[in-house]
1. In sequence order, what are the phi-derived ³J(HN,Hα) couplings for region B:5-21 according to the Karplus relation 6.51 cos²θ - 1.76 cosθ + 1.60 with θ = phi - 60°, rounded to whole Hz, with x for glycine and proline?
2. Please list, or write none, the lysines whose alpha carbon is within less than 23 Å of the alpha carbon of A:LYS19, excluding same-chain residues fewer than 8 places away.
3. State the antiparallel share, in %, of DSSP beta bridges confined to the protein assembly as shown, rounding to the nearest 5.
4. Taking H as built 1.01 Å from N, whose amide H comes closer than 5 Å to the amide H of B:ALA152, not counting residues under 5 places away?
5. About the Cα centre of region B:6-198, how large is the charge dipole given +1 on each Lys and Arg Cβ and -1 on each Asp and Glu Cβ? Please answer in debye to the nearest 20.
6. So which chymotrypsin sites (Phe, Trp or Tyr not before Pro) in region B:31-73 are both in a DSSP loop and have at most 13 other Cβ atoms within 10 Å of their Cβ?
7. Give the relative contact order (percent, whole number) for chain A; include only Cα pairs under 8 Å separated by 6+ residues.
8. Would you mind putting A:71-78, A:161-168 in packing order, based on average other-beta-carbon counts within 10 Å, highest first?
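We did not get these values from a lab; they are worked out from the coordinates using the rules stated. What you see is a predicted model, and the numbers here were worked out from it, not measured in a lab. Note that we place each Cβ from the backbone using ideal geometry, even for glycine, and neighbour counts take in every protein chain shown.
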Amino acid sequence: MQTTFPTTLPQRIATTAAKLEIRNIVKVFNSSKQPKLAVDHVSLELAPNEFSCIVGPSGCGKSTLLSIAAGLIKATSGQILVDGIPVPGPGADRGMVFQHYTLFPWLSVANNVAFGLKLKKMPKAEQKAQVAHYLEIVGLSGSANAYPKELSGGMKQRVAIARALANEPEVLLMDEPFGALDSQTKEQLQSFFHDLWEKTHITVLMITHDVEEAIFLSQRVYVMDRSGKMRETVDIGLPQRRELDMKLTPEFLAYKKAIIHMLR
Amino acid sequence: MLSDGDLMVDIIASSARVMAGFIFAAIVGIPVGIAMGTFYSMDSLLGGFVRTARYMPIAAFVPLIIIWAGIDEASKVLIIFFGIVFYNATMIADAVKFIPNETLNVAYTLGATRRDVLARVILPATLPNILDTLRVNIAGAWNFLVLSELIAAQNGLGFTIVRSQRYLQTDKAMFCILIICVIGLLTDFAFKLVFQLCLPWAESKVS
């Protein structure tokens with residue numbers, strides 16, 4: 001009797017190596033008069049502890065792709081796998097940080113961070129410790145009892161990041177998390193988030209239209225084009241440890257120039 | 001007129017009718033509105049009827065309601081109830097639909113089920129709008145009260161206004177209208193206070 005083992009085994013080994021795999025995703029929107037192809041056969045793999053960014057012009061389908069990865073939008077075809085296992089819908093294994101309306105305005109900062117932990121029915125004492133730990137990490141222990149409306153835009157995003165991290169997801173998905181901030185706050189948060197990633201080494205897939213931000217934060221930059229195709233993959237060979245000043249070095253600028261040209 | 005015991009009776013009778021109609025309209029209107037806003041199927045089922053019923057002239061139904069419900073308190077409460085319940089439902093349904101998608105989606109990515117989202121996101125997120133809706137529609141309730149008391153009532157502020165007309169006591173009628181205004185202002189203030197005390201995190205969209 002012939003078993004299917006030999007044919008499936010190598011494939012399984014290949015897929016279990018990736019933390020998150022986006023496999024051959026196609027998304028067609030049928031709402032308008034003519035169907036619109038938003039994502040065209042996109043595949044990518046995110047290794048554990050990898051930080052990657054997807055850049056692309058607006059309307060290139062990058063946000064759609066991330067929402068599909070989060071399970072919030074159904075793909076027309078293709079699969080999303082976490083640790084080699086297909087995931088059908090949204091779940092706590094893929095935490096997400098959005099650009100707008102990120103916090104629940106009726107909950108205090110601490111309760112926002114505890115939102116996912118309450119859903120998991122984590123014991124109260126453990127919840128409290130976890131919330132305190134992650135608020136400490138994002139430097140907002142002093143604002144635990146404040147309501148979101150009392151916080152600045154940058155602080156809100158830090159709380160949103162703490163809330164996603166406190167849930168201890170396998171992958172963190174970020175949809176232009178710093179896009180709505182002024183440029184100074186944005187740079188501060190980039191630097192803050194780089195340090196945070198250095199400490200936690202969580203696997204991150206982030207969408208941005210800011211090429212500099214993508215290069216600064218990630219090990220790999222994926223470039224999408226207007227037709228919804230993945231156009232290029234750029235491995236960023238900069239040192240692991242990054243400072244904001246690095247944005248002015250020739251190597252950094254060379255990456256920036258190359259990617260900007262790809263986007264044209 | 002203030003020393004007149006009848007006036008107090010009128011105020012209490014009218015306020016009780018308004019409260020009864022208003023509370024029933026809230027008890028029915030809030031869940032229906034939330035269901036319509038949350039579930040597409042509920043909106044398909046009830047939306048057409050509720051939105052059409054909003055244009056139904058309640059004044060034209062007054063004679064019918066009296067035939068069906070008699071001339072007791074029930075008919076007056078029903079007139080107020082039907083006058084505002086459809087507004088409650090549609091305004092709250094719209095409030096639910098205006099919750100940003102991101103707010104719902106972030107809950108899903110934190111591990112929430114549809115039920116969690118309803119109980120922990122949609123309900124608290126619409127609470128300020130529910131209070132605002134009730135605050136706007138209680139004014140409507142007073143309008144329908146006067147309408148319900150024009151016909152077949154033995155007491156109440158609306159009734160007194162009609163009776164004053166009969167004896168050309170315009171001053172008395174004006175005074176009753178003024179009392180309704182004052183009660184309206186007081187309830188409005190009470191709503192504002194409840195809003196600020198219970199929802200310190202929110203900002204009212206009604207001034």
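1. x, 4, 4, 4, 4, 4, 4, 5, 4, 5, 4, 4, 5, 4, 4, 4, x
2. Result set, ordered by chain and number: A:LYS27, A:LYS62, A:LYS74, A:LYS120, A:LYS199, A:LYS229.
3. The antiparallel proportion sits near 50 percent.
4. So B:ALA152 has HN proximity to no qualifying residue.
5. Values: 13 positive and 12 negative charges, 41 e Å.
So the dipole magnitude of region B:6-198 works out to roughly 200 debye.
6. Those that pass, being in a loop and sparsely packed, are B:TYR55.
7. On the way: 480 pairs, mean separation 65.7, N = 264.
Relative CO of chain A lands at 25 percent.
8. Ranked by mean Cβ neighbours within 10 Å, highest first: A:161-168, A:71-78.
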